[in-house]
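The values are calculated or read from the model by the stated rules, or taken from the named source; none is laboratory data. Nothing here was measured: the structure is a model prediction, and the numbers come from that model. Counting neighbours? That spans all protein chains shown, and the Cβs are built from the backbone with ideal geometry, glycine included. In case anyone asks, the SASA skips ligands and DNA or RNA and just uses the protein heavy atoms, side chains included. Shrake-Rupley method; radii C 1.70, N 1.55, O 1.52, S 1.80 Å.
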Amino acid sequence: MSDFLVKFGSLVKYSIRKILLKKKVVSAFLGFMFIVAVMGYASTQSVEKLSEGTQLMNVLILSFLVPVISMIYGSTIIRDEMDDRSITHVVTSPMKKTVSYFGYYLALVVSLNLMLAIITTGGFLSFFAPLGIGRSAMDIYLSVLSLSFIATLIYSALFLMVSLLTSKSIYFGLFYAFIWEGFVGSLPGNIQKIAVSHYIKSIGSRWMEYAPMENATSIGVSVFLVVILIVILLFMGGWFFDRKEFP
């Protein structure tokens, strides 16, 4: 068991370092600068601090940045290793391929949440610091962090699985992040319920009382659907990874 944990931990740590130290981290830095600039500018305008601050973090971080960052890294973490053939060392090791797949998933979730925590903190401070940070503002901050964590669990599982099915997974990711989640998820009425973001926001609808959500699905149903979808995506991804032939 200890030998297994060492090997699994080594894979996770290696993948985290690879994610955080590769050139793609520039995309996270650009996201950080964008969020800080927009929210910093918004704080200089005549705003209702709590309601508009919540709306900004909801739109910029939960609806836009989380799926986009998840897409960029989830679509490439395994695909890049397939292209440079460094994945051969992983799939030929004594550790089961499905376990290795979960190692990639864990590394992706940890890395994304580290980046998103930094970005969310920067955006929060740029908006709320000039206006005053009180207990209500901190509640908003912690709510967005929690929802970002939940969102990365499902988006990571989705994009990681899709990367095994096609070498052009980045195109699917762009369509899904901008059209499916970004556009469809913002439409009025029940059509938005086909987007994952609807259920993420529904889970947080009671947490973020300053930006009430119309047509929200109950928290119990939302949690159930999100958990079921994560389990299905992880099972399918592990199955595809186990049966995939690597050069």
inquiry  = Suppose we keep only residues that are open to solvent by 40 Å² or more (accessible area, probe 1.4 Å), under 11 Å from S126 (Cα atoms) and assigned to a helix (DSSP H, G or I) within region 37-53. Which one would you say is modelled with the lowest pLDDT?
reply    = Y41
task = Look at I61 and say whether it is hydrophobic (A, V, I, L, M, F, W, C) and touching a Gly at 6+ places or on another chain (Cβ under 7 Å).
result = yes
The lone exception for I118 - which of (1) under 17 Å from V12 (Cα atoms); (2) part of a helix (DSSP H, G or I); (3) among the aliphatic types (A, V, I, L, M) it fails = (1)
request  = Please tell me if S63 is of a type in the set (S, T, N, Q) and over 24 Å from F183 (Cβ atoms).
outcome  = no
message = Looking for something open to solvent by less than 10 Å² (accessible area, probe 1.4 Å), part of a helix (DSSP H, G or I), in contact with a Pro (Cβ under 8 Å, 6 or more places away or on another chain) and not acidic (D, E) - is there at least one such residue anywhere in region 142-151?
response = yes
inquiry  = Can you go through G132, G123, G173 and tell me which one is open to solvent by less than 30 Å² (accessible area, probe 1.4 Å) and at positive phi?
reply    = G132
message = Given the criterion in contact with a helix residue (DSSP H, G or I) (Cβ under 9 Å, 6 or more places away or on another chain), open to solvent by 20 Å² or more (accessible area, probe 1.4 Å) and at pLDDT 80 or above, identify the matching residue among I200, I228, I232.
response = I232
request  = Give I179, I150, I154, I133 a once-over and let me know the one that is out of contact with any Ser or Thr (no Cβ under 6 Å at 6 or more places or on another chain), touching a residue at least 60 places away in the same chain (Cβ under 8 Å) and farther than 18 Å from G237 by Cα.
outcome  = I150
